[in-house]
Each structure stands twice: as structure tokens, then as C-alpha cells.
Amino acid sequence: SLYNLVDAFADPLVGVAYGRQLPAPEATPIAAHARLFNYPVKSYVRSAADISAYGIKTAFLSNSLAAYRRSALLAVGGFPSSVILSEDTMVATKMLLSGWKITYCAEATCYHSHNYTLIKEFQRYFDIGVFHAREAWYLQALGGAEGEGKRFVLSELRYLRRHAPALMPAALLRSAFKLIGYRLGRLEHYLPRYVKRAFSMNRGFWN
């Protein structure tokens, strides 16, 4: 997996490469779908020219299995210390806008998934909303996130209908928690700090 991941840098314009995350053996059907949705079986390369077609998904990647070209990472300022999460996609977006490419290497694999509770889903999406609110340039460059969210929900329901239909109501409830968390995160400027700490997964950010 590491060999395949690093092999992507044979292309001198690739600034970052990331691998495929597989559901862990204990993953619930909901957690399994999230990995199958975001990490397909076929590799691809993205550049800034793909933003019009893929929007926010163009800069998608995960630090859980990723490698960076050091010169490209330093050229965009390295990893930011001022964001609540998504430092990986923030760096990827800056790379895209600077002319670098992102490679998804499906031949590099790892087991990585989360069986989040409803509260943890809410908290994670609150933090994503905070990130999007504070880094307005990010969505301006890539487009909004809620269209991709709708596509995910529809895919999840189709997957559960085939594999675990009894979980479909729970999945809809989970989606509602995500959306509420995200919308509140986008409005974090109006919330007192103690509320933001309670709503956040990364509570140390508010110290």
C-alpha cells in the first residue's frame, strides 16, 4: 500500500496522494456505506480543471492514509494550526488552486471507519460547519457542501435498502442530526463559547 501510494509522485504535478479506506470488520452498515461512498474501487487524478464537474469533492482526501510532496506542502504554507478540523482538505484545495494535482490511489488500502453515535455525528458536523463558516474562501473556490450531502443520503438509503433495511429510519434521523449540527456550525458566530464547546467534537479548539 505504501509503495503504491508513493508511486503516484512519479507525476511531477501530483502534490498529494491518498489511499482507499475500507470498513473495519466491526463497522456497522451505516459506517460501511460511508467508506464505500467516499472511497471507490477505481483510482483517479483531480486538478483545478475538475472543480466545475466535482465541486467540493474535488479536494476530498483523508490524512488517515495520505502522502504529501514536501515542496508542494510547504509552498501552500503547510498544515494550518488555526482550523478546527479539515486541515487536509484545506491544504488540498490550496494545492489545486496553485496548479498541483490530487491522486486517489485505490491500490493503497487501510481499514479505517467510525461507528459514531448520533451525538458524535452532530458534533462532527457542527465542527465542519464552523470550518466552512470561518474559511469562506474554501466554499467559494469549490462550491457548497449541501448538494454533496444530498447525494450521500440518497446513496446511503439505496445501500441500506439492499443490506440493512431496518436501519433506514435510523439513517434518516442521523442525517437530520448532521444537517442541524452543520447549520448551527455555520452560525457559530452567534453562539456563546460554552455552547460551542458543548456542540463540538474538538472541544480543545475553543480554549
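The values are calculated or read from the model by the stated rules, or taken from the named source; none is laboratory data. As the structure is a computational prediction, the values presented were derived from the model and not from experiment. All Cβ positions, even for glycine, are placed from backbone atoms using ideal geometry, and neighbour counts span all protein chains on display. Heavy atoms of the whole protein, side chains included, go into the accessibility calculation; ligands, DNA and RNA do not. Shrake-Rupley method; radii C 1.70, N 1.55, O 1.52, S 1.80 Å.
Between the range 143-162 and the range 174-193, what is the C-alpha centre distance in whole Å?
Answer, in whole Å: 19.
GNM, the chain, Cα, under 10 Å: largest mean-square fluctuation among Phe122, Phe37, Phe60?
Comparing Phe122, Phe37, Phe60 in the GNM, the peak value goes to Phe37.
Over the chain, what is the relative contact order in whole percent, taking alpha-carbon pairs under 8 Å and six or more residues apart?
Relative contact order of the chain: 28 percent.
At 1.4 Å probe size, with every protein chain present, just tell me what the per residue accessible area of the range 29-165 comes to in Å².
Spelled out: the 1.4 Å probe surface of the range 29-165, per residue, equals 48 Å².
Quote the accessible area belonging to His114 in square angstrom, nearest 10, computed with a 1.4 Å probe and with ligands, DNA and RNA left uncounted.
Answer for His114: close to 80 Å² accessible.
For Arg162 and Ala75 in one chain, what is 0.36 nm times their gap in residues minus the Cα-Cα distance, to one decimal in nm? Could the numbers behind the result be given before it?
Numbers: separation 87, 0.36 × 87 = 31.32 nm, distance 4.59 nm.
Gain in length upon complete extension: 26.7 nm.
Counting only other residues whose beta carbon sits under 14 Å from that of Leu5, what net charge do I get with K and R as +1, D and E as -1?
The answer is -1.
For a bin width of 5 Å, list the pair-distance distribution of the chain built from all Cα-Cα distances, rounded to whole %.
With 5 Å bins starting at 0, P(r) equals 1, 7, 14, 18, 19, 18, 13, 7, 2, 0.
Would you mind telling me which residue in Lys196, Lys42, Lys178 has the biggest mean-square fluctuation in a Gaussian network model of the chain, where springs connect alpha carbons within a distance under 10 angstrom?
Looking only at Lys196, Lys42, Lys178, the largest GNM fluctuation is found for Lys42.
What distance in nm lies between label points placed 7 Å from Cα along the C-beta direction at Tyr44 and Glu148?
A separation of 1.2 nm, rounded to one decimal place.
Using a 1.4 angstrom probe on heavy atoms only, work out the carbon and sulfur share of the accessible area of the range 148-207 in %.
Accessible surface attributable to carbon and sulfur in the range 148-207 totals 62 percent.
Taking amide H atoms as placed 1.01 Å from N in the peptide plane, list the residues 5 or more away in sequence, or in a different chain, whose amide H sits under 5 Å from that of Ala106.
Ser43, Tyr44
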